[in-house]
Every structure is written in structure tokens, then in C-alpha cells.
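The structure under discussion appears below in the form of C-alpha cells.
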Amino acid sequence: MYCPAGEILRQKCIKKNGNIRYANKNACKHCKNRNKCYKGKGEWKEIDFTKDNLEKPCKEWLKAEGKECNASKHSAEGHYEKVKIVRFSLKPNREKMAMRMCLSEHPFGTIKRAMGATYFLLRGLRKVTGEFALLCLGYNIERAKNLLGFEKMMEIIAGV
């Protein structure tokens, strides 16, 4: 996600209606194009996107340049005007998504279901981090045992 000045906007929150809010406080505070982009009382601009609409014209930017904002008018292709648009492009790669589901999602499911870790027993970030590290260690030892076999793993541990 980039603003019209080219700065990266990071996801701030997901609202109750499903809109995703983006902002970059530091970039807005020190931006030399701030008067073109933002006229509000706050120190930075926040912008909301829906899952279906991933680009919006920056109305203030266009007004500062003396151009008309065509936010409601679509071009022949059904897209917004391509002048000074806050842009977010998402092109899902099905192969990478399938690979991710196979590689990274499986360990979490195994930890949750097979190891019975459906919730954390401790409270606090430091304690939960330690608890999760122990769960991951247990998962890795179990996986190594399944890949190598029990006898081979015992030989490696014994240093033989």
C-alpha cells in the first residue's frame, strides 16, 4: 500500500464492518506534500479500503492540482482514473498459497490438535512466548523422530 507521495502505508486495524485501515504516522508528519493530500485536524491521514475496492483517488491531491476528482466515475475498463491514486495491488499466487497451506499451516494444526495445545496456559507475552517455544521444540522433536526413526534419533542424541 502506497500513498500518492510514494510512502508505504501499513495496516493499522480491521474495522468492525470489515474495512482495513492504513496509515503511516511518521511519513505524514514529515511529508512535504502534506497540504496536497490531507486537510484534517489530526497529524496524519488514515485511509480505509474494503476487500473489493483496493484503490481510491486522493481527492485533496487532485483538488490541490486544480483537477476534478472522478471518484464516482469509472473509465471504460471499469477502473478508477489512474491519476494520483493510492494504490494497493494484490495478485494471489495460487501455487504459493497451496505451498503455504502444505508447509506452514500444518505444524500449527498438529500442535493444536495432536498435541492438545488449543489455548495457552500462561499469561503475559514473555511466558506465552516461552510456552510456544516449548511446543515448537516438542513438535520438531516429534517430526525428527518420524523422519529418522526412533533408533537413528537415539544414536544421534547419544553421539554414536
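Just so you know, all these numbers are worked out from the coordinates, no wet-lab data involved. Just so it is clear, the model here is predicted, and its values are computed rather than measured. Cβ coordinates were reconstructed from backbone atoms using ideal geometry, including for glycine residues, and neighbour counts include every protein chain displayed.
Using the count of nearby Cβ atoms within 10 Å as a rough guide to exposure, how do C102, C31, C13 rank from fewest to most?
Working: C102 9, C31 20, C13 12.
The order, fewest Cβ neighbours first, is C102, C13, C31.
Name the trypsin sites (Lys or Arg not before Pro) in the stretch 1-55 that are in a loop by DSSP and that have at most 15 other C-beta atoms within 10 Å, would you?
Working: sites: R10, K12, K15, K16, R21, K25, K29, K32, R34, K36, K39, K41, K45, K51; in loops: K15, K16, K32, K39, K41, K45, K51.
Sites meeting the loop and neighbour criteria: K15, K16, K32, K39, K41, K51.
Quick query: amide H of Y2 versus all other amide H atoms, modeled in the peptide plane; which residues come in under 5 Å with a sequence gap of 5 or more or a different chain?
Residues meeting the amide H criterion: L9, R87.
What is the magnitude of the charge dipole of the stretch 94-158 about its Cα centre, with +1 placed on the Cβ of each Lys and Arg, -1 on the Cβ of each Asp and Glu, and no other charges, expressed in debye to the nearest 20? Please list the in-between numbers first.
On the way: 11 positive and 6 negative charges, 70 e Å.
Once rounded to the nearest 20, the dipole reads 340 debye.
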